[in-house]
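The values are calculated or read from the model by the stated rules, or taken from the named source; none is laboratory data. Small disclaimer: the values here were computed from a predicted structure and weren't measured. Heads up, the Cβs are rebuilt from the backbone with ideal geometry, glycines too, and the neighbour counts pull from every protein chain shown. Each accessible area value is taken on the protein alone, full model and side chains, heavy atoms only, with ligands, DNA and RNA left out. Shrake-Rupley method; radii C 1.70, N 1.55, O 1.52, S 1.80 Å.
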Amino acid sequence: MLRENLMKVRENMEAACRRAGRDPGEVTLVAVSKIKPLSDIEELARAGQADFGENYVQELCDKDEKISVPVHWHMIGHLQRNKVKYIIDKVDLIHSVDSLSLARQIEKEAAKKGLTAQILIQVNVAGEETKFGLDREEVIGLIREISPLEHVKVRGLMTSAPYVEDPEENRACFRALHQLFVDIGRKNIDNISMDILSMGMTNDYEVAIEEGATMIRIGTAIFGERHYN
Ligand SMILES: *Cc1c(COP(=O)(O)O)cnc(C)c1O
């Protein structure tokens, strides 16, 4: 099942790229494995899936310790400052940076390990009060403040659009984030590159790709429904 699901998502990604006149090689698929067993991740990794997203620090660390196949981890969930030290040398990309205090903590822990952390700025495009992420107007200010940090590299933007019945309802959100991504890229700020735009989940990834996503985060369509207990 897992492999078939993965292939189906890859086919849909390619079709969305073709519709938008984009090269499928421009879009990276992150398989979101939160609360799913390690054996599922290993099966997919053996099938060629390289990137996996996790939301919880403890779970990510446990899986990283036990996994028998090399993978690239993405931290996509809300990250508390006091937990940065546990994941800093385990993850390839942190998608969920939404404050200067968190960026400074990442700087501190990355410096200790002698590495440069790759991060995205999380934006709340829909303006929902309950979601994490910055308002659009706040993004450029935060990026300018992060720019001098030597061990932190901003690579782009991330958003989670709301769950909607019809994914078309999220098109305007994705378009707005893509526009912001292009605008910031044009400013040529020191130490900032806008090359990753992380948007699109199971329900809306095809629309997100049509609107310029370079990274999509897919859980349910690959692993099936999540059952929290
Ligand atoms: C859980 C999660 C996803 C995956 O959601 P699906 O709808 O299952 O594809 C993507 N991004 C974030 C930030 C998540 O927390």
For this session: Considering (1) in contact with a strand residue (DSSP E or B) (Cβ under 7 Å, 6 or more places away or on another chain); (2) more than 16 Å from the ligand (Cβ to nearest atom); (3) touching a residue at least 24 places away in the same chain (Cβ under 8 Å), say which one ILE218 fails and leave the rest.
Result: (2)
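Rundown of residues vs (1) out of contact with any Cys (no Cβ under 9 Å at 6 or more places or on another chain); (2) of a type in the set (Phe, Trp, Tyr); (3) assigned to a helix (DSSP H, G or I), yes/no style:
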residue: VAL154; (1), (2), (3): yes, no, no
residue: LEU157; (1), (2), (3): yes, no, no
residue: VAL164; (1), (2), (3): yes, no, no
residue: PHE174; (1), (2), (3): yes, yes, yes
residue: GLN179; (1), (2), (3): yes, no, yes
residue: ILE184; (1), (2), (3): yes, no, yes
residue: GLU206; (1), (2), (3): yes, no, yes
residue: ALA221; (1), (2), (3): yes, no, yes
residue: GLU225; (1), (2), (3): yes, no, no
Exercise. Under the condition of being open to solvent by less than 30 Å² (accessible area, probe 1.4 Å) and within 12 Å of the ligand (Cβ to nearest atom), which residue from the range 178-212 is farthest from GLY156 (Cα to Cα)?
Worked result: ASP204
For this session: Could you please find all residues in the range 50-96 being among the β-branched types (Val, Ile, Thr) and either surrounded by fewer than 19 Cβ atoms within 10 Å (Cβ to Cβ) or within 13 Å of the ligand (Cβ to nearest atom) (or both)?
Result: ILE67, VAL69, ILE76, ILE94
For this session: Check whether at least one residue in the range 129-139 is in a loop (DSSP other than H, G, I, E, B), crowded, with 19+ Cβ neighbours inside 10 Å and not hydrophobic (A, V, I, L, M, F, W, C), and report yes or no.
Result: yes
Exercise. Among strands (runs of 3 or more DSSP E) lying entirely in the range 25-120, which contain 1 or more residues that are over 20 Å from SER193 (Cα atoms)?
Worked result: 28-32, 51-54, 72-75
Exercise. Which number in (1) within 14 Å of the ligand (Cβ to nearest atom); (2) modelled with pLDDT of 95 or more; (3) touching a strand residue (DSSP E or B) at 6+ places or on another chain (Cβ under 9 Å) marks the one condition that ILE106 misses?
Worked result: (1)
Exercise. TYR228 versus (1) without any contact (Cβ under 8 Å) to a residue 40 or more places away in the chain; (2) surrounded by fewer than 20 Cβ atoms within 10 Å (Cβ to Cβ): which is the lone unmet condition?
Worked result: (1)
For this session: For ARG3, indicate whether it is without any contact (Cβ under 8 Å) to a residue 40 or more places away in the chain and in a helix (DSSP H, G or I).
Result: no
